[in-house]
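Notes follow once the structure below has been shown.
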Amino acid sequence: MSLLEVKNCTIRYQNGTSAVNNVSFSVEKGEIVSLVGESGSGKTTMVRAILGLLPPGGKVTEGEIILDGRNLLSLSEREQEELRGKDIAMIFQDVGASMDPIKLIKSQYVEAIRTHERISREESYDKATDMLKRMHLTDANRVMASYPFELSGGMKQRVGIAMGMTAQPKLLLADEPTSALDVTIQAQVVHELRELRDKYGATIILVTHNMGVASYLSDKIGVMKTSQMVEFGTRDEIIIDPKEQYTKDLIDAVPKMGGNRFAR
Amino acid sequence: MPDNAVLLEIKNVSKEFPVKKKKLYAVSDVSFTLSRGETLGLVGESGCGKSTIAKMIAGSLPVTSGSITLDGVEYTHMKKKEFAKFRRSIQMVFQDPLSSFSPRMRIGTYLCEPRVNYDHVSKDEAMAEAEELLAKVGLPAEFLMRYPHELSGGQLQRVAIARAIAISPKILICDEATGALDVSIQNQIAKLLVELVEENNIGCLFIGHDLALVRSVTQRVAIMYLGRIVEFLDSETLQEEYMHPYTEALLDSIFDVHCDQDEDIKLLAGEAPSPLVVHNGCPFAQRCEYCTEQCRYQLPELSHVNGTHYVACFNPLKR
Ligand SMILES: Nc1ncnc2c1ncn2[C@@H]1O[C@H](COP(=O)(O)OP(=O)(O)OP(=O)(O)O)[C@@H](O)[C@H]1O
Ligand code: SF4
Ligand SMILES: [Mg+2]
């Protein structure tokens, strides 16, 4: 059985247009699956629906989302709340912006752990520093004693991943986790995501517009265009042997270091 | 091909910001020229001073020292009134298209504004030109009547470019102008820019994070680190000829679509040092794997390699 199964999912916003139209795909345990495709094609809407946090007015009108045998769409608000952070965690594009600017990392992190686990502050602190070290933030105590603005973008993003992973969720959703970062820092974050899977068996769904990152990290890739999944397959099926014209165009459009230049 | 006449000259430009009784060295001693029909790329990590340079060229931020000359006229120390006539020659396009539009202004009005304001042409005349401008950037005339929220990000960015060229600027600065767009639209915008620069023989400064993209639309690329330009490269041969260790780190950080999944990622160690501290040595020293004793106390100057290639490093990579 797959860890996650999305079956014929249609998601609509208030104005009636479907943001996701009859989308199906599945994710096995320990896999990294990327969703790529044009902006506004429904990638973020799709992962938000899995998290159970669609923006106001958004609703899954058809289909099923099944995690570990449980249909997420039939859960109560409370049950969903419990699932978030514990079974499913999400990292956003700009973690820094979702942090409380006037609170130390320490108190934000410890608080986040204690909403899901009944353990002492001390234990939470240790757990947090342990996770930060796994994210290669070697000076974990200094990071804990910092305000968000005192950390660089890459450090904040790694803190965000650490926070998301502390409860060892079954599924980690990452929406453009590197697109606000510099290329050198992006490489660090990609490295951490890869290690989470290789060393700790994490299952990850990644939304990204960086085809290179998707190609490096993914076991499977889903290509979305105007609310539909036009192609879903293994990394090699999509990158090396794409069937759909849209996928081919997308791969061709990626600027490549050795590629042709437009300028003369 | 760029015409060799120098259009814009930046000479020893520095910018310091006062921050809590300290000085933040945002840009230090930067010099370069831009010719007609030429696009220069500016690449480097967040906070290294790219936008600060752009703003100084556009005249929206005064320089701390140094000079900027356009068509032989030095304008860094001009009076406000005098500069007002100058300002139109330098136009900018920014990353987030939607934020530079006012939500209740129709696209047509937005496109007419600069011509009406600067050249006092009639509304009708400006509107006719606006239609031509839209055609130039590949959009239908019916967009004149639309509001910003009715356009996609890529379409808005085209409109922003159309407005920037409406008053025939000599210099166009694109600061992360395609950063928020998906690759296919990014590609269209890149092609459009190259065409406009060629057709109108303007000079263009193209700022971005994606070295592969920047390379594709430029003739030369300047690599920046902590307020300084550390290498100038020819875009065509960049990958074969780079010599600076930071350029190498940038290239190592690119994920190619056809990459090998089993290959380890080469990571750049550490974080960029604080721009609040004066560094005596090479700004890259703490993170550089080729760093030697000399690098810690002496600043490497940009030196000529050949052609348009310059590098600031004591131990440049041999190739
Ligand atoms: N008005 C200001 N006051 C004080 N410091 C500033 C100001 N504007 C910029 N800085 C600082 O100057 C340095 C250079 O900033 P700049 O915006 O030029 O970077 P950038 O290269 O454009 O970065 P990015 O890629 O993130 O856009 C940074 O350390 C920044 O924090
Ligand atoms: S001057 Fe020294 S520290 Fe600086 S980039 Fe060159 S080798 Fe590295
Ligand atoms: Mg900038």
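The values are calculated or read from the model by the stated rules, or taken from the named source; none is laboratory data. Computed from a prediction, not measured in an experiment: that's the story for all the values here. FYI the Cβ positions are ideal-geometry reconstructions off the backbone, even for glycines, and counts take in every protein chain you see.
For the reader, a short list of remarks on this structure follows.
- B:Ser99 in contact (Cβ under 8 Å) with a residue 12 or more places away in the chain, within 16 Å of ligand 3 (Cβ to nearest atom) and not in a strand (DSSP E or B): no
- Pairing each residue of the stretch B:113-140 that is surrounded by 13 or more Cβ atoms within 10 Å (Cβ to Cβ) with any residue that is outside any helix (DSSP H, G or I) and among the charged types (D, E, K, R), provided the two are 6+ apart or on different chains, yields C-beta distances under 7 Å for B:Tyr118/B:Arg88.
- The set of residues in the stretch B:172-185 being within 11 Å of chain A (Cβ to nearest Cβ), surrounded by fewer than 24 Cβ atoms within 10 Å (Cβ to Cβ) and not in a loop (DSSP other than H, G, I, E, B) consists of B:Ser184, B:Ile185.
- Taking the numbered list (1) at pLDDT below 90; (2) within 14 Å of ligand 2 (Cβ to nearest atom); (3) within 30 Å of A:Thr247 (Cα to Cα) in turn, B:Leu250 passes all entries but (1).
So that you can scan it fast, the table gives a plain yes or no per residue for (1) in the same structural domain as B:Leu302 (by TED's automatic domain parsing); (2) part of a loop (DSSP other than H, G, I, E, B); (3) touching a Pro at 6+ places or on another chain (Cβ under 7 Å); (4) under 27 Å from A:Asp252 (Cβ atoms):
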| site | (1), (2), (3), (4) |
| --- | --- |
| B:Ile229 | no, no, no, no |
| B:Phe232 | no, no, no, no |
| B:Tyr246 | yes, no, no, no |
| B:Ala249 | yes, no, no, no |
| B:Asp260 | yes, yes, no, yes |
| B:Lys266 | yes, yes, no, yes |
| B:Glu271 | yes, yes, no, no |
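- Subset of the stretch B:223-241 [within 16 Å of the chain's Cα centre (by Cα), over 21 Å from B:Ala285 (Cβ atoms) and crowded, with 22+ Cβ neighbours inside 10 Å]: B:Leu233
- Here A:Thr45 clears all of (1) surrounded by fewer than 20 Cβ atoms within 10 Å (Cβ to Cβ); (2) assigned to a helix (DSSP H, G or I) except the condition numbered (1).
- From B:Val27, B:Val6, residue being β-branched (Val, Ile, Thr) and within 27 Å of B:Leu250 (Cα to Cα): B:Val27
- Qualifying positions in the stretch B:7-36 - under 15 Å from the mean Cα position of the chain (by Cα) and either closer than 20 Å to B:Glu198 by Cβ or more than 12 Å from ligand 1 (Cβ to nearest atom) (or both): B:Leu8, B:Glu9, B:Ile10, B:Ser31, B:Phe32, B:Thr33, B:Leu34, B:Ser35
- Count of the stretch B:168-193 residues which are touching a strand residue (DSSP E or B) at 6+ places or on another chain (Cβ under 8 Å) and over 19 Å from B:Pro97 (Cα atoms): 3
- Only residues that are crowded, with 24+ Cβ neighbours inside 10 Å, of a type in the set (A, V, I, L, M, F, W, C) and touching a residue at least 40 places away in the same chain (Cβ under 8 Å) were counted across the stretch A:218-238, and they come to 3.
- The single condition among (1) assigned by TED's automatic domain parsing to the domain that holds B:Asp182; (2) in contact (Cβ under 8 Å) with a residue 24 or more places away in the chain that B:Gly108 does not meet is (1).
- The number of residues in the stretch B:41-89 being within 16 Å of ligand 3 (Cβ to nearest atom) and hydroxyl-bearing (Ser, Thr, Tyr) comes to 4.
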